[in-house]
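Below is one structure, written out as structure tokens; the observations come after it.
Every read-out reported here was derived from the displayed coordinates using simple, explicitly stated rules and does not represent laboratory data. Just so you know, these numbers come straight off a predicted model, no measurement behind them. Cβ: placed from backbone, ideal geometry, glycine included. Neighbour counts: every protein chain shown.
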Amino acid sequence: MLTLQFIPFNEIESLSSERRIAKLLGIVKKNKIVLMQGRLKPTEETTLIERTMEEVNKEFKGIELCTVYPTPEKKVGTQIKQAMVKFLVGDREGLTIIGPATIIKEIKRNPDKIELLTHTRGLLGRK
Amino acid sequence: MMNRLKTLLNKIIPGLFGKRKHMKIGLYGPPNAGKTTLANRICRDWLGEDVVMGTASEIPHETREIQMKENIHLKKKGKEITFNLIDTPGIATKIDYEEFLKHKMNKKVAKERAKEATKGVIEAIKWLDNMDCVVVVLDSTTNPYSQVNITIIGNLAARNIPVLIAANKTDLKKANVKSIEAAFPQYPIVGISAELGTNIDELYETLTKLVR
């Protein structure tokens, strides 16, 4: 069975970067796939990779990660409006997918399409 | 925070906080993109035929520790830069020792390699803050829209570190530099074959323009 857990942005917005990452990684380590509203900051993404590497062991092989983000607006007025919204309510745009590498084999991303390829081995072994 | 501010100010006004040491140019990218092959090419071109940075191999995570060569003087079309070149372990989000078993390694060696590789990834990320400029080496035969590529480049942009993308392996049939240009249109991109030295002069020229 494949479990997807949705995390709305308001569930993580008040957390510090470290706690945010710990929460996401904790869910992934329970063999669930996280669908998070919004995206992490670039520095949080690298911290997530660092923490993941620290946790790699016989059972946990790492993560697959993918962020989907709308194409930036070219109009200056819209850009300013979007920047202000981001400043006021946080980066809620887009979607972040994080899953355990034992379940997700690969996330293929083209600009407008995402394909999530799973390991049959990983799925068959789960209750 | 203070260190970042110092770094930024030092980039704007060199020597503000003491004498500026040689700039550090890092080679970053996913595993097997050809970072060490490019590092070896740069070393041979500017430090001497017999100087190499490390061993390049088809097995992922061959480089598992930061490697550095100091005092490289690069001269192109009247422009000159002196820098320390840093070759970093490939950045990955997953490491499975079983992948190494496919390369005829025994279980013990494969597990040890996986353990070292995880440390290498952490070390590479920690070194990001020390870089003055980064050459992101991408394999032009693979899909550029991988999260690792996006994360590395996004981090460099967030840290205000100049970026040059080397679209490597152009000697291979499947190479597609245009797909990298489409994925990262805001960065200078040079298609190269680090293995054969193809277009390497253009890479040097672009690098001298970028860091001056």
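Points to keep in mind about this one:
- Linear extension gain, B:ARG44 paired with B:LYS79, 0.36 nm per residue minus alpha-carbon span: 10.7 nm
- Residues whose placed amide H lies under 5 Å from that of B:MET53, excluding near-sequence neighbours: B:ASN40
- The fewest-to-most ranking of B:ILE153, B:ILE161 by surrounding Cβ atoms within 10 Å reads B:ILE161, B:ILE153.
- Most to least packed among B:162-172, B:32-42 [average Cβ atoms within 10 Å]: B:32-42, B:162-172
- Using θ = phi - 60° and Karplus 6.51 cos²θ - 1.76 cosθ + 1.60, couplings along the stretch B:184-193 (whole Hz; Gly, Pro as x): 10, x, 8, 10, x, 10, 10, x, 9, 10
- In order along the stretch B:129-144, phi translates into HN-Hα couplings of 5, 8, 7, 9, 7, 10, 9, 8, 9, 10, 7, 6, 9, 10, 5, x Hz, rounded to whole numbers, per the Karplus curve 6.51 cos²θ - 1.76 cosθ + 1.60 with θ = phi - 60° and x for Gly and Pro.
- Proxy reagent accessibility, fewest Cβ within 10 Å first, across B:ILE72, A:ILE21: B:ILE72, A:ILE21
- Residues whose amide H falls under 5 Å from that of B:GLY191, counting only those 5 or more places apart or on a different chain, are B:ALA167, with hydrogens built in the peptide plane.
- Other-chain or far-sequence residues with amide H under 5 Å of A:HIS119's (modelled H): A:ILE104, A:LYS105
- Considering only the stretch B:24-211, percent of DSSP beta bridges that pair antiparallel, nearest 5: 35 percent
- The calculated 222 nm mean residue ellipticity attributable to helices in chain B amounts to -11500 deg cm²/dmol, summing -39500 (n - 2.57) over DSSP H runs of n ≥ 4 and dividing by all residues.
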